[in-house]
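To start, the structure itself, in structure tokens.
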Amino acid sequence: EAQVTQNPRYLITVTGKKLTVTCSQNMNHEYMSWYRQDPGLGLRQIYYSMNVEVTDKGDVPEGYKVSRKEKRNFPLILESPSPNQTSLYFCASSLGTPSTYGYTFGSGTRLTVV
Amino acid sequence: GQNIDQPTEMTATEGAIVQINCTYQTSGFNGLFWYQQHAGEAPTFLSYNVLDGLEEKGRFSSFLSRSKGYSYLLLKELQMKDSASYLCARGGTDSWGKLQFGAGTQVVVTP
């Protein structure tokens, strides 16, 4: 089944403890991206990647890192999480340029930082 | 930024029609998407408009006016399962990887 898989689904962590949220897609998509979703603010783009080793900032990149060493994987790294990073995170991938093809989303990761 | 504005919430009865409006910045516009998102789930693609006019897909239709920076999603013959958030998203030519979303419109369908 064609899908975007992210793990874990739920995560509670403490301030300052480094964490990684994994994302993998099996559709051979070129583009991948991370979004966070907060009530009243909608989906905001954190980072996106156009191919292996090519990444760029979205609208809210502060406090996050990404890497794209393989085409199928695009992990999101929080080096020192803070409570304001408590949010619902979505990984997404796109067959072509997302502004034309749109994104296919994973099931989400609900992160709580205490 | 490319402010994308849509109403926060709309309520309609089963079997009725609801129209969700979306306005966006026209500069560098490359396409307009509508997604549906049920509570706690991932957004799923509904429609894409890049040319002016109406695109019909079963009970759902989407309209675009590029000159006005305006789109709407029309939901006909509403069913209870249509209760969800509907997200308007704008693709731009300034950055091909970016897809910017509005805050979403929560549609509540009542019996």
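What follows draws every value from the coordinates through simple rules; no lab data is involved. Computed from a prediction, not measured in an experiment: that's the story for all the values here. Glycine gets a Cβ as well: all are built from the backbone with ideal geometry, and neighbour counts include every protein chain shown.
Using the Karplus equation 6.51 cos²θ - 1.76 cosθ + 1.60 (θ = phi - 60°), what ³J(HN,Hα) coupling, rounded to whole Hz, does each residue of the range B:39-52 give in order, writing x for Gly and Pro?
Once rounded to whole Hz, the list reads 3, x, 10, 6, x, 10, 5, 10, 7, 9, 10, 10, 10, 5.
State to the nearest 20 debye the size of the charge dipole of chain A about its Cα centre, where the only charges are +1 on K and R beta carbons and -1 on D and E beta carbons.
Roughly 280 debye for chain A.
Return a single number: how many Lys pairs in chain A, at a sequence separation of 8 or more or on separate chains, have alpha-carbon atoms below 17 angstrom apart. Please list the in-between numbers first.
On the way: A:17/A:65; A:18/A:65; A:57/A:65; A:57/A:69.
Lysine pair count for chain A: 4.
Using only C-alpha positions, report the orientation-averaged shadow area of the convex hull of the protein assembly as shown, nm², one decimal.
Details: hull surface 48.3 nm².
Seen from a random direction, the Cα hull of the protein assembly as shown projects 12.1 nm² on average.
Say a paramagnetic label sat at a point 7 Å from the Cα of residue A:52, along Cα to Cβ; which residues of the range A:92-114 have their backbone N under 19 Å from it?
Only A:93-96 pass the distance filter.
For a paramagnetic label modelled at 7 Å from the Cα of residue A:38 toward its Cβ, which residues of the range A:94-114 fall within the zone defined by backbone nitrogen distances under 14 Å?
So the set is A:111-113.
Using unit Cβ charges (K, R positive; D, E negative) and no other charged atoms, how large, in debye to the nearest 20, is the dipole of the protein assembly as shown about its Cα centre? Walk me through the numbers on the way to the answer.
Details: 20 positive and 19 negative charges, 104 e Å.
With only Lys, Arg, Asp and Glu charged at Cβ, the dipole is about 500 debye.
Please report the spacing between the Cα centers of the range B:74-111 and the range B:1-54 in Å, no decimals.
Comparing the Cα centres of the range B:74-111 and the range B:1-54, I get a distance of 4 Å.
Percent of Cα-Cα pairs more than 17 Å apart in the range A:66-114, please. Don't skip to the answer; put the middle values down first.
Details: 570 of 1176 pairs.
Pairs farther apart than 17 Å: 48 percent.
Run the simple label-point estimate for residue A:77 and residue B:5 please: 7 Å along Cα→C-beta, distance reported in nm.
4.1 nm
Given a Förster distance of 35 angstrom, what is the FRET efficiency for residue B:27 paired with residue A:7, based on the Cβ-Cβ distance and rounded to 0.05? Before the final figure, lay out the partial values.
Values: r = 39 Å, r/R0 = 1.10.
About 0.35, to the nearest 0.05.
If N is the number of residues in the range B:21-86, what value comes out of its Cα radius of gyration divided by 2.2 N^0.38 Å?
On the way: Rg = 12.4 Å, N = 66, 2.2 N^0.38 = 10.8 Å.
The range B:21-86 yields a ratio of 1.15.
Calculate for the protein assembly as shown the 222 nm mean residue ellipticity that helices alone would give, adding -39,500 (n - 2.57) per DSSP H run of length 4 or more and normalising by residue count, nearest 500 deg cm²/dmol. Mind showing how you got there, number by number?
Working: 1 runs with 4 residues, N = 225.
Mean residue ellipticity at 222 nm (helix-derived): -500 deg cm²/dmol.
Between exposed GluC sites (Glu not before Pro) in chain B, where DSSP calls loop and at most 13 other Cβ atoms lie within 10 Å, what's the longest gap? Don't skip to the end; give the middle numbers.
Values: sites that count: B:14, B:41, B:77.
By the stated rule (loop sites, at most 13 other Cβ atoms within 10 Å), B:42-76.
With springs connecting C-alpha atoms under 10 Å apart, model chain A as a Gaussian network and identify which of A:42, A:96, A:58 has the largest mean-square fluctuation.
It is A:42.
When every alpha-carbon pair in the range A:1-93 is counted, what percent end up more than 20 Å apart? Don't skip to the end; give the middle numbers.
Working: 1340 of 4278 pairs.
Looking at the range A:1-93, the distances longer than 20 Å represent 31 percent of pairs.
Over what distance in Å are the Cα centres of the range A:1-63 and the range A:71-114 separated?
Distance between centres, Cα-based: 2 Å.
In the Gaussian network model of chain A, springs joining C-alpha atoms below 10 Å, which of A:104, A:15, A:55 carries the largest mean-square fluctuation?
A:15
What percent does the relative contact order of chain A come to when contacts are Cα pairs within less than 8 Å and at least six residues apart?
Here the relative contact order equals 36 percent.
What lysines does residue B:68 reach when the alpha-carbon gap must be under 27 Å and sequence neighbours fewer than 8 apart in one chain are set aside?
Counting by Cα, and skipping residues close in sequence, residue B:68 has these lysines nearby: B:57, B:76, B:98.
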